[in-house]
Amino acid sequence: QVQLVESGGGLVQPGGSLRLSCAASGFTFSSAVMRWYRQAPGKERELVAAISSAGNTNYADSVKGRFTISRDNAKNTVYLQLNSLKPEDTAVYYCYVPLFATWGQGTRVTVSS
């Protein structure tokens with residue numbers, strides 16, 4: 001079955017960096033659009049970044065220039081590089097494949113001094 005497993009979250013100081021990974025299985029990864037969402041405490045889940053099968057990307061305005069989404073089709077993995085982190089980036093980050101409407105379990109990112 002379709003499965004997404006995120007990893008790489010943690011506690012980081014403001015200005016720091018993290019790289020999130022999402023390992024996919026159960027479908028033809030190279031053909032699929034992949035997205036990263038996040039949900040902060042008390043807020044709705046929001047789209048952070050997306051990448052097409054061709055590698056085209058788009059980002060939420062709040063993360064443009066700081067976050068980078070990428071994919072490695074040989075490893076069936078999508079990444080989200082988080083740089084220049086701010087306290088407002090604190091959230092649970094989720095991987096999502098629209099074609100199968102499937103979410104990962106999420107990985108928590110906490111930005112705090």
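Before moving on, here are some points about what is shown:
- Gyration tensor (alpha-carbon) shape descriptor, the chain, a/c threshold 1.5: prolate
- Estimated at 0.36 nm per residue, the fully extended path between Ser53 and Ala101 surpasses their Cα-Cα distance by 15.6 nm.
- Probe 1.4 Å, protein heavy atoms only - accessible area per residue of segment 15-101 in square angstrom: 49
- Estimated FRET transfer efficiency when R0 is 30 angstrom, pair Ser112-Lys75 (beta carbons, to 0.05): 0.45
- Within segment 31-89, trypsin sites (Lys or Arg not before Pro) in DSSP loop having at most 12 other beta-carbon neighbours inside 10 Å: Lys43, Lys64, Lys75
- Per-residue Karplus couplings for segment 15-29, computed as 6.51 cos²θ - 1.76 cosθ + 1.60 with θ equal to phi - 60°, are listed in order as x, x, 9, 8, 10, 8, 10, 9, 8, 10, 8, x, 7, 7, 4 Hz, Gly and Pro entered as x.
- Residue-span extension gain [Arg66 to Val33] - 0.36 nm each, minus C-alpha spacing: 9.8 nm
- Solvent-accessible area, 1.4 Å probe, carbon plus sulfur percent, for the chain: 46
- Amide H contacts under 5 Å for Thr90, placed H, 5+ residues apart: Val111
- Spin-label model, Ala23 to Ser84: label points 7 Å out along the Cα-to-beta-carbon direction sit 3.2 nm apart.
The values are calculated or read from the model by the stated rules, or taken from the named source; none is laboratory data. Here the structure is a predicted model, which means the values were calculated and not measured. Backbone-built Cβ (ideal geometry, glycine too); neighbour counts: all protein chains shown. The area values use the complete protein model at the heavy-atom level, side chains included, leaving out ligands, DNA and RNA. Shrake-Rupley method; radii C 1.70, N 1.55, O 1.52, S 1.80 Å.
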